[in-house]
Amino acid sequence: MLTVALGKDYRRQDCSLAKALELLGERWTLLVVRDAFLGVRRYRDFLVHLDIPRAVLAERLQTLTGAGVLERRRYQDSPPRDEYVLTARGRELWTVLYPLTRWGERHLGSPGGPRRIYAHASCGTELDDAGACPACGCAVPPGDVETRPGPGADVGLRDDPVSQALRRPHRLLEPLFGQSIAAENVSLSG
Ligand SMILES: [Zn+2]
């Protein structure tokens, strides 16, 4: 049988963008990372929010964990349950994801306006296209960003628990549901 195989990698591209795309350019991968910024941590929550086949989600989580973008953490022993949390390397992707999202708003946006608002949590000012706060004059790290639906959001489109939780203002990286290791550490140290 004759088959035409589409190359799976960019082996002959001596380029760092090609290296990044080998990891991040597959369908769904950046949306898994987006959901991790939004506070999704558990397999079932990624699953219900992304409408993604189980095997594809499992493969994407494994690849991102293997590449050091996500860290797998046990949050329950019996039965064993893990959550997936962005590492420092993964959190760096905010400076890629946010401008790409804004590009989408500008060129592929909803007629009603932005689908999602991103604001500096401490002052409430909406971030500029580069992810900085115009009022404070500083770049805002994702942990200091509060997000909420914008006027262009189609709030009736989805009714899964993640979509429902994201209708309320929510700080990026904070878990949407349940107690997490990070939240416990914050409460112990704070
Ligand atoms: Zn500010």
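Being of a type in the set (G, A, S) and either out of contact with any strand residue (DSSP E or B) (no Cβ under 8 Å at 6 or more places or on another chain) or touching a residue at least 40 places away in the same chain (Cβ under 8 Å) (or both) is the requirement here; does G113 meet it? Answer is yes for this residue. Is it true that some residue in the range 91-109 is closer than 22 Å to G178 by Cα and touching a residue at least 12 places away in the same chain (Cβ under 8 Å)? Checked the range 91-109: at least one residue is closer than 22 Å to G178 by Cα and touching a residue at least 12 places away in the same chain (Cβ under 8 Å).
Looking at H120, H49, just one residue is over 27 Å from K19 (Cα atoms), surrounded by 12 or more Cβ atoms within 10 Å (Cβ to Cβ) and not assigned by TED's automatic domain parsing to the domain that holds H170, and that residue is H49. For the range 24-72, which positions are part of a strand (DSSP E or B), of a type outside the set (D, E) and touching a Ser or Thr at 6+ places or on another chain (Cβ under 8 Å)? Answer for the range 24-72, where residues must be part of a strand (DSSP E or B), of a type outside the set (D, E) and touching a Ser or Thr at 6+ places or on another chain (Cβ under 8 Å): L70, R72. Scanning the range 44-95 for residues that are among the aromatic types (F, W, Y) and within 15 Å of R34 (Cα to Cα) yields F46, Y84, W94.
Does P141 satisfy the criteria of being under 17 Å from L38 (Cβ atoms), within 16 Å of the ligand (Cβ to nearest atom) and touching a residue at least 40 places away in the same chain (Cβ under 8 Å)? Judged against the criteria, P141 is a match.
Any residue at all in the range 119-131 that is on the phi > 0 side of the Ramachandran plot and touching a strand residue (DSSP E or B) at 6+ places or on another chain (Cβ under 7 Å)? Yes, the range 119-131 contains a residue that is on the phi > 0 side of the Ramachandran plot and touching a strand residue (DSSP E or B) at 6+ places or on another chain (Cβ under 7 Å).
The values are calculated or read from the model by the stated rules, or taken from the named source; none is laboratory data. Here the structure is a predicted model, which means the values were calculated and not measured. Because the Cβ atoms are built from the backbone with ideal geometry, glycine has one as well, and the counts that use them run over all protein chains shown.
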